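Asker: Supplied in structure tokens, the structure appears directly below.
The values are calculated or read from the model by the stated rules, or taken from the named source; none is laboratory data. Since the model is a prediction, treat every value here as computed from it, not as a measurement. When we count neighbours, we look across all protein chains shown, and the Cβ atoms used for this are built from the backbone with ideal geometry, even at glycine. All accessible areas refer to the heavy atoms of the entire protein, side chains included, with ligands and DNA or RNA removed. Shrake-Rupley method; radii C 1.70, N 1.55, O 1.52, S 1.80 Å.
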Amino acid sequence: MNFLEEKILEDGKIYEGNVLKVDNFLNHQIDIDIMRQIAYEFKRRFKGKPVTKVLTIEASGIAIATMLADLYDVPVVFAKKGITVNSTDDKYMSQAYSFTHKHMNNVFVSRPYLSSGDKVLIVDDFLADGEAAKALIDIVNQAGGTVTGIGVAIEKGVQNGGKKLREAGYHLESIAIIDEMDYKTQTIKFRQ
């Protein structure tokens with residue numbers, strides 16, 4: 001059992017509807033030590049892969065992306081989920097359905113922040129159906145960049161996102177893969 005699986009068992013809470021709540025250390029309150037360990041683990045798992053940018057989607061992936069980008073000494077780029085008054089028309093756009101929020105998000109990255117020479121490592125906190133990852137891959141492809149890998153802190157193995165990304169040939173690394181969760185017993189089975 002690795003550090004993240006231990007932390008999930010210690011502090012995570014399972015809710016009805018296949019929802020794992022880890023907001024006390026991963027995506028509302030951030031445990032810096034866990035973020036640091038996640039970043040170092042991704043750096044180890046993607047050793048030798050060229051990385052010029054770390055890309056995530058707002059908001060929960062930003063902490064992981066920032067810690068990891070610091071190790072690579074490259075910029076963090078995050079796809080925004082909403083158009084604001086200072087958004088420009090000069091952007092790469094895609095769509096991602098949110099399993100957590102149950103709605104479609106239009107996501108974008110301004111064109112100056114991704115280019116055809118970029119070697120992009122995509123990171124996020126969760127992977128369920130893979131919608132966010134697919135949207136980020138689409139944005140990298142629109143920019144003409146290359147996805148060198150996808151790193152996810154927690155993958156819900158009971159959903160098909162990880163399987164589809166691996167079958168598509170992406171180098172996907174998930175630190176914790178959950179194969180079973182039971183709300184009634186509050187038990188989790190991790191993939192070995």
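Asker: Please go through (1) closer than 21 Å to residue 59 by Cβ; (2) without any contact (Cβ under 8 Å) to a residue 60 or more places away in the chain for residue 121 and return the number of the only condition it doesn't satisfy.
Answerer: The failed condition is (2).
Asker: Look through the stretch 1-19, keep the residues that are modelled with pLDDT of 90 or more and among the hydrophobic types (A, V, I, L, M, F, W, C), and return whichever of them is farthest from residue 173 (Cα to Cα).
Answerer: Here the residue is 14.
Asker: Just to confirm my filter: which strands (runs of 3 or more DSSP E) fall fully inside the stretch 119-192 and include at least 1 residues that are charged (D, E, K, R) and open to solvent by less than 20 Å² (accessible area, probe 1.4 Å)?
Answerer: Strands (runs of 3 or more DSSP E) meeting the threshold: 119-127, 146-156.
Asker: Hey, another quick one. Of the residues in the stretch 14-32, how many are over 25 Å from residue 96 (Cβ atoms) and open to solvent by 80 Å² or more (accessible area, probe 1.4 Å)?
Answerer: Selection size over the stretch 14-32: 1.
Asker: Moving on. Is at least one residue of the stretch 41-60 more than 15 Å from the chain's Cα centre (by Cα), buried (at least 18 other Cβ atoms within 10 Å of the Cβ) and among the hydrophobic types (A, V, I, L, M, F, W, C)?
Answerer: Yes, the stretch 41-60 has at least one match.
Asker: I'd like to know if the stretch 89-98 contains one or more residues that are part of a loop (DSSP other than H, G, I, E, B), at pLDDT below 95 and either small (Gly, Ala, Ser) or buried (at least 20 other Cβ atoms within 10 Å of the Cβ) (or both).
Answerer: Of the residues in the stretch 89-98, the ones part of a loop (DSSP other than H, G, I, E, B) are 89-90.
Filter once more, keeping what is at pLDDT below 95: 89-90.
Applying the additional criterion that residues be either small (Gly, Ala, Ser) or buried (at least 20 other Cβ atoms within 10 Å of the Cβ) (or both) yields none.
No.
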